[in-house]
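Undergrad: What follows is a single structure, and I will ask about it in a moment.
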Amino acid sequence: MILQLELLLHLCFIIVLISISPSLSLDLELGNGDDGFERDDFPAPPDFVFGASASAYQVEGAADQDGRTPSIWDTYAHEGKMDGATGDVACDQYHKYKEDVQLMVKTGLEAYRFSISWSRLIPNGRGPVNPKGLQYYNNLIDQLISNGIQPHVTLHHADLPQALEDEYGGWVSPNIVKDFTAYANVCFEQFGDRVAHWTTMNEPNVFVLGGYDIGFLPPQHCSAPFGVNCSRGNSSTEPYLAIHNILLSHASAAALYKQTYQHKQRGFIGINVFSYWFIPRTETQHDQVATQRAMDFYFGWVVHPLVYGDYPRVMKKNAGSRIPTFTSAESAQVQGSFDFIGLNYYVTLYAEDFSAALNIQERDYTADSAIQIYPLDFNQSTFEYPITPWGMEELLEYIKQNYGNPPLYIHENGQRTRRNSSLEDWSRIEYMHGHIHSLLNVIRNGSNARGYFMWSLLDSIELLDGLKSSYGLYYIDLDDPELKRQPKLSAHWYSKFLKKKNFTPHSASDADHQRYFSR
């Protein structure tokens, strides 16, 4: 039997929970070593946009105000699962959205990616629309548009209404397809005259693995021996079932949009997926095959059906009857049901073969993948990711070669630091600099990338870390009743890059200044 710790390490998102430090050489981080790139080297808006991302539960606050009801994240947080952190107040963007839009203007953002709280817009998950919720999102969208910032809207960012979870189990029930489509219809109808970019789901692979296999994330479905402290669920079947219903829900909403709204609203609809880039831990054939298997399980699980109408062959082989089968009609609806793919990429990992897991009679998704994954470097003293922009280049090239070079948006990309650390966040600048440069490389090599959104505009509540870590361009002192936003050095760097203006930081070595703030 695999030890619990090994099971945890198998999951792709587990690296977000552990501390990593950069150790790669500067030449690798910056690709070809040429620092001379600027905003004008990329296509101009609207063909390519630079922005920042957020999600409703992490920034809005006002969790019990103006008719909003709990989501599964509210329930989870109020059970103390986030070390006491909750989204009750968060960044209070619900009340401070005008101020935050002005921060976006000041920074020079061309687009803002945010999610709609389903339980704020439709408190019971289905049925009447909440007028106050409708007003808030109309106000936010109008504020963005009036300031020249393109809204990119995500419909589901892990915050299913608790009412639907209680009624029929949420994503493990086929009932969710009808309810999600009805919710999407309200959004298209009410906001589609101003919103041209819709993402149905945010990283369903991470959401499902955390919530339905190990079960340490909401809605906390799991079963022994795979999960931890769960009272319901089946880790062997529910992850596959939940993804299946998510894909069918996405396809249903996309079909509605394309048939009813797209011709007059002239927008685009897609889905987001989390992905690492994997490299073999050794040069053995076993690890090379395992690396491809890692891509099939962690990335192809969502994207393969969208492009080819079915799950990757190795997934069907290893999971057998536990993975649902698409009917001919479902396959036809899922295949091609997107105008773009959104990617959340943070870091590259080693993949190692662990085929011994397939000898276990009762398996979950983790054992089915038959791999173990490891960070390229590990250091308990820092929260920072290794800076591996070359992995993002490889990922986008892989997508181009294997999935027909679809339009892509980098929806999330950012450096993790300890919360309340220095405002002089040089590692975040180095991280953004390297990844934006790599993105330019792949565009020049033919990738169909259309935008880059860094995570995140503000230091928000992190869904996996609570208040331990931060990703923001702007620091928020949670002890300040006004929740004042303070720019970090990375906010100045990003603004300088977007506005093509010179900026001299208050404190920097000559080498750092020359490297990041000079042309």
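Undergrad: Name, by its number, the condition in (1) farther than 24 Å from residue 102 by Cα; (2) buried (at least 23 other Cβ atoms within 10 Å of the Cβ) that does not hold for residue 442.
TA: (2)
Undergrad: Looking at residue 64, is it more than 25 Å from residue 436 (Cα to Cα) and modelled with pLDDT under 95?
TA: For residue 64, the condition - more than 25 Å from residue 436 (Cα to Cα) and modelled with pLDDT under 95 - is not met.
Undergrad: When you scan segment 107-130, do you find a residue that is of a type in the set (D, E, K, R), touching a residue at least 12 places away in the same chain (Cβ under 8 Å), surrounded by fewer than 22 Cβ atoms within 10 Å (Cβ to Cβ) and within 12 Å of residue 94 (Cα to Cα), even just one?
TA: no
Undergrad: Still on this structure: Give the residues of segment 396-424 that are under 20 Å from residue 292 (Cβ atoms) and hydrophobic (A, V, I, L, M, F, W, C), sorted by residue number.
TA: 396, 399
Undergrad: Of everything in segment 467-499 that's part of a strand (DSSP E or B) and of a type in the set (Ser, Thr, Tyr), which residue is farthest from residue 410 (Cα to Cα)?
TA: So, considering only residues that are part of a strand (DSSP E or B) and of a type in the set (Ser, Thr, Tyr), the one farthest from residue 410 (Cα to Cα) is 475.
Undergrad: Answer yes if at least one residue in segment 469-488 is buried (at least 17 other Cβ atoms within 10 Å of the Cβ), over 25 Å from residue 419 (Cβ atoms) and out of contact with any helix residue (DSSP H, G or I) (no Cβ under 9 Å at 6 or more places or on another chain), and no otherwise.
TA: Checking segment 469-488: not a single residue is buried (at least 17 other Cβ atoms within 10 Å of the Cβ), over 25 Å from residue 419 (Cβ atoms) and out of contact with any helix residue (DSSP H, G or I) (no Cβ under 9 Å at 6 or more places or on another chain).
Undergrad: While we're looking at this one, here's another question. Of all the residues that make up segment 439-466, how many are more than 20 Å from residue 491 (Cα to Cα) and not in a strand (DSSP E or B)?
TA: 12
The values are calculated or read from the model by the stated rules, or taken from the named source; none is laboratory data. For clarity, every value in this text was computed on a predicted model and none was experimentally measured. Cβ coordinates were reconstructed from backbone atoms using ideal geometry, including for glycine residues, and neighbour counts include every protein chain displayed.
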